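Notes follow once the structure below has been shown.
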Amino acid sequence: MGSLQELKRPRVLLLCSPCMGHLIPFAELARRLVSDHGLAATLLFASATSQPSEQYLAVAAAAVQDGIDLVALPAPPAAAALPPSASARERAEHAVASNVPRVRELARALRAAALVVDMVAAAAARGVAAEIGVPFYMFFTSPWMTLSLLLRLPKIDAAGGGEYRDAAEPIRLPGCVPIHAHELPASMLADRSSDTYSGFLAMARDIGVVDGILVNTSGEIEPAVRDGGMDGLEELPPVHPVGPLVWTRPVGVDRDHECMRWLEQQPRGSVVYVSFGSGGTLTWQQTAELALGLELSQCRFVWAVKRPHQSSTIGAFFGTQKGGDISLDFLPDGFIERTRGMGFVTQSWAPQTTILGHPSVGCFVTHCGWNSILECVTNGMPMIAWPLYAEQNMNAAMLEVQVEVAVRAKVGHDRFISKEEVASAIQRVMVGEEAERMRRRASELKDKLVHALSKDGCSTHALAQIANVWKCTTRK
């Protein structure tokens, strides 16, 4: 039970689909609404699996300390389970839809002042907001460039043409890098007559039904979000850049993590951090090749490794579970022994934000998930871009061409990256003039992003304006 002051605060209900990459920015948004803007927050997380993931448990521990009510909604019952062939998007939408009655019940009981959802939950939850008569907002946890593409997709689709994957010319969005066919999200590379594409297009159309869109970015990293990026979209809901919202408060155990003790013993700027986020997975062959590339580079490294998945780059999309296979038998023979002292390999959940903020770390090999990118740039760290799924190829292009804080690993046949390319990319980002230029650019960007989130910053001001709208709705 909260204090009397907390009970008097207008309460915002936030609904997050089971995409683990959405949970952390949602938790940070809730924290800022509570700590900085005089609101109460209840965060609902729609589970896709019956067993909570390590990432969820870590966020839950922090949420309690931050005064956020975090509620794990139950996974869909076994009788209503989707077939194994269902896509990650379909499974996420199903997890949300099965909980709509519970969301409606909570919204009424808590007298919610506003309902905030992610892109996946918009279609299922909009009826709840309409029924109880509260503002309905979307929190878009990916970059503005992706949102800009989705907002324009219905018109692009209506214009006809062939398959997007066959397009000779890139898609050009105002103020963004050109998007070439191979950089498009996988759902746009499917046949336009397919259910995969139809579902993606329907999700894009659902964005237009909300009252406003909060997007986890700022004009410092994506100038187009403030400089003409909405040209041609005036009939759509207003967009409010409120980022970068990243997990900046380490859970108490973070600094006691074994890898942090190892980092304390390493020279400044000497360590490469390797992680493919909460969901990304590599094949057995690519995992082994990455290991050999790290060894070949002769650089120190911390590698948050996952067990390989032969058929999917999103083998851990809904989070990694405790109690799984912890053997490292998928690594090359002798790799652990040969790199002992030079590298640290962990299969447990790694405190990424704390690692990226450590002075020993000099670069980040990343799948280019937006959370990881924001955590990296807010720590002034250059990157090696290794995109895997969703909009990550678009993110990689933006980071290298427009933001100039990353190099893209060169891919060969079947998207395979050789050990020689791994070692070469590490050298480019860690040593020499190009590395120094990226470090300077990353440091400058860090300072701008820190200011955006300061008391007088543009992102703080944008979120304050929305919070005031929600407060005024409560008073009516």
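Selection over region 331-369 of residues that are modelled with pLDDT of 95 or more and small (Gly, Ala, Ser) gives a count of 5. Screening region 14-29 for residues that are touching a residue at least 60 places away in the same chain (Cβ under 8 Å) and among the aliphatic types (A, V, I, L, M) and picking the one that is most open to solvent (accessible area, probe 1.4 Å) gives ILE24.
SER194 passes every criterion in (1) under 24 Å from GLY232 (Cα atoms); (2) at pLDDT 95 or above apart from (1). When restricted to residues that are of a type outside the set (Ser, Thr, Tyr), open to solvent by less than 20 Å² (accessible area, probe 1.4 Å) and either touching a His at 6+ places or on another chain (Cβ under 7 Å) or at positive phi (or both), region 112-150 contains 1.
Scan region 370-390 residue by residue and report those that are of a type outside the set (A, V, I, L, M), outside any helix (DSSP H, G or I) and open to solvent by 10 Å² or more (accessible area, probe 1.4 Å).
Of everything in region 370-390, those that are of a type outside the set (A, V, I, L, M), outside any helix (DSSP H, G or I) and open to solvent by 10 Å² or more (accessible area, probe 1.4 Å) turn out to be THR378, ASN379, GLY380, TRP386, PRO387, TYR389.
Only one entry in ALA63, ALA40 is open to solvent by less than 20 Å² (accessible area, probe 1.4 Å), under 20 Å from the mean Cα position of the chain (by Cα) and of a type in the set (A, V, I, L, M, F, W, C), namely ALA63. Within region 63-80, the set of residues being of a type in the set (Gly, Ala, Ser) and more than 24 Å from ASP206 (Cβ to Cβ) comprises ALA63, GLY67, ALA72, ALA78, ALA79.
Of everything in region 158-177 that is of a type in the set (A, V, I, L, M, F, W, C) and outside any loop (DSSP other than H, G, I, E, B), the residue that is nearest to CYS368 (Cα to Cα) is ILE171.
Against the test of being within 16 Å of VAL103 (Cβ to Cβ) and crowded, with 20+ Cβ neighbours inside 10 Å, the options ARG32, ARG11 yield a single qualifying residue, ARG11.
The values are calculated or read from the model by the stated rules, or taken from the named source; none is laboratory data. This structure is a prediction, so every number in the text was calculated from the model and none was measured. So basically every Cβ, Gly included, is an ideal-geometry build from the backbone, and we count neighbours across all protein chains shown. What goes into the accessible areas is simple: the full protein's heavy atoms, side chains included, and nothing from ligands, DNA or RNA. Shrake-Rupley method; radii C 1.70, N 1.55, O 1.52, S 1.80 Å.
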